[in-house]
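Notes follow the structure.
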Amino acid sequence: MAAERLDGREVARSVTRELAETLTTLPFKPQLVVVRVGEDPASVAYVRGKDRTATQLGLTSRVEVLGESTTQRELLARVLEISADPEVDGILVQDPLPPPLDIRAVQEAIDPAKDVDGFHPVNVGRLWNGGRALVPCTPAGLIRIMDFYGLEIAGKRVVIVGRSSLVGKPAAVLFLQRDATVTVAHSKTRSLGTLTREADILVAAVGRHALLTREMVKPGAVVLDVGINRVEGKLRGDVHPEVTEVAGYLTPVPGGVGPMTVAMLMQNTVMAASRRRGDGGA
Ligand code: NAP
């Protein structure tokens, strides 16, 4: 029997519906600024999607495009300027940047209160300390999917494959905060399949198509496939298609975790605006 499909598009729609309601109660229109440097085709598409969703939701959205030859100093100066603008509630700089630009330094230049990607060290620290952080969008989306479908987290064994600052590490903290027992695996992990087969909730965030095969999945497990891999012109996850025959629940690629990332970005923008402008948090 095929696993139940966890439809990220549907969950994303429910998040944006809620946000649209919240927006009607706010006496201001939150503003999001996305900075893109250069013309990387994937970045162009991602930024367009974020801009379109923000505008449809009723936010003020601005995309600032800087040339491929922008220097680190120029980029930092522009980010500081945007970040200091009182009309701007959320700012993010689309990764990857053209080499040799350094994304870390740029992320650290953003006002933590406007850091809607949740990558500033202040937000990372607050997340680990259980404080009021802006949380990275993709991991936040995973929790939201679990909650939308009423899938229990507390007491469950979670295995996250991938330890990036973007997905794996913040996902580990979020599941831990929800009382799961969490293991994080990576490229040096031994006997990966033995480990993943113990997972009640398995998160794949690697970037290798079909790395997780059906033998590596516990029957009935919840499988959250974060991976985005281009295979013969199509988007595919990190999970082998046959996993649907053993898993209990599975996020498809596309249409699973991806739409949630944009929805949670919108949530972070509305939340950042509400907190900063003194409405106490959305
Ligand atoms: P990343 O920074 O490249 O990290 C990949 C992680 O996978 C690393 O921790 C790496 O281990 C681990 N890894 C690599 N090969 C492995 C193997 N054979 N066995 C076990 N672990 C292995 O990638 P990322 O930014 O976290 O993204 C991961 C995937 O998610 C990508 O496909 C990306 O496109 C996708 N993604 C999707 C969304 C979305 O919205 N759906 C958002 C963000 C990312 P080491 O640390 O040891 O190198």
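Read the figures in this text as sums done on the coordinates, not as results from a lab. The structure presented is a predicted model; accordingly, all values stated were derived computationally and were not measured. Methodologically, a virtual Cβ is constructed for each residue, glycine included, from the backbone with ideal geometry; neighbour enumeration extends over all protein chains shown.
In straight Cα distance, which lysines are under 19 Å from Lys156, not counting same-chain residues fewer than 8 positions off?
Lys169, Lys218
Could you tell me what a quarter of the Cα convex hull surface of region 127-178 works out to, in nm² with one decimal place? If you can, show how the numbers build up before the last one.
Details: hull surface 14.6 nm².
Projected over every direction and averaged, the Cα hull of region 127-178 covers 3.6 nm².
So what's region 124-243 giving for Rg/Rh, alpha carbon basis, Kirkwood Rh from the mean inverse pair distance?
0.96
Mind listing the phi-derived Karplus ³J(HN,Hα) values for region 148-165, rounded to whole Hz, using 6.51, -1.76 and 1.60 with θ = phi - 60°, and x for any glycine or proline?
With the stated coefficients, region 148-165 comes to 4, 8, x, 8, 6, 10, 4, x, 7, 8, 10, 10, 10, 9, x, 10, 6, 6 Hz.
Non-local amide H neighbours of Leu6 (under 5 Å, H modeled in plane, Pro and chain starts lacking H): which ones?
Residues meeting the criterion, in which the H sits 1.01 Å from N, are Leu250, Thr251.
Find the Cα radius of gyration of region 190-254, compare it with 2.2 N^0.38 Å by division, and give the number to two decimals.
Dividing the Cα Rg of region 190-254 by 2.2 N^0.38 Å gives 1.01.
For region 94-102, take each phi angle, set θ = phi - 60°, evaluate the Karplus expression 6.51 cos²θ - 1.76 cosθ + 1.60, and give the result in whole Hz per residue in order, putting x for glycine and proline.
With the stated coefficients, region 94-102 comes to 5, 9, x, 8, x, x, x, 5, 10 Hz.
Sorted by packing (mean other beta-carbon atoms within 10 Å per residue), highest first, where do 68-76, 233-241, 44-52, 112-120 land?
112-120, 233-241, 44-52, 68-76
If you take every DSSP beta bridge fully contained in region 185-282, what fraction is antiparallel? Give it as a percent rounded to 5. Numbers along the way, then the final one.
Working: 3 of 10 bridges.
If we restrict to bridges inside region 185-282, about 30 percent are antiparallel.
Rg(Cα) of the chain divided by 2.2 N^0.38 Å?
For the chain, the normalised Cα radius of gyration is 1.00.
Calculated FRET efficiency, Thr55 and Val231, Cβ-Cβ r, R0 30 Å, to nearest 0.05?
The value I calculate is 0.45.
Could you work out the Rg to Rh ratio of region 45-129, with Rh taken as the Kirkwood radius (inverse of the mean 1/r over all Cα pairs)?
Radius of gyration relative to Kirkwood radius: 0.96.
How big is the shadow of the Cα convex hull of region 1-106, averaged over all directions, in nm²?
Average projection, Cα convex hull of region 1-106: 9.0 nm².
Which lysines, on any chain, are close to Lys50 with Cα under 20 Å apart, when same-chain ones fewer than 8 places away are left out?
Cα-Cα hits under 20 Å: Lys29, Lys114.
Take region 1-62, drop everything but the C-alpha atoms, weight them equally and run the Debye formula without solvent; then report log10 I(q)/I(0) at 0.22 Å⁻¹ to two decimals.
Values, matching the q order: -0.95.
Could you work out the relative contact order of the chain, using alpha carbon pairs under 8 angstrom and six or more residues apart, expressed as a whole percent?
Computed over the chain, the figure is 22 percent.
Bin by bin, in steps of 5 Å, what percent of the Cα pairs in region 83-127 do you find, going until the bin that has the longest distance?
In whole percents, the pair-distance histogram is 5, 23, 30, 22, 14, 5, 0.
Counting only C-alpha contacts under 8 Å and six or more residues apart, can you give the relative contact order of region 137-251 as a whole percent?
22
For region 215-277 and region 94-133, what is the separation of their C-alpha centers, rounded to whole Å?
22
Give the long-range amide H neighbours of Ala185: residues separated by 5 or more places, or on another chain, with amide H under 5 Å away, using H modelled in the peptide plane at 1.01 Å from N.
Amide H neighbours of Ala185, under 5 Å, 5+ apart: Ile160, Val161, Gly162.
Given points 7 Å out from each Cα along the Cα-Cβ axis, report the Trp128 to Glu81 separation in nanometres with one decimal.
The modelled label-to-label distance comes out at 3.4 nm.
Determine ³J(HN,Hα), in whole Hz, for all residues of region 27-36 in sequence, where each value follows from phi through the Karplus function 6.51 cos²θ - 1.76 cosθ + 1.60 and θ = phi - 60°; x replaces Gly and Pro.
Once θ is set to phi - 60°, the couplings for region 27-36 become x, 8, 10, x, 10, 10, 10, 10, 9, 10 Hz.
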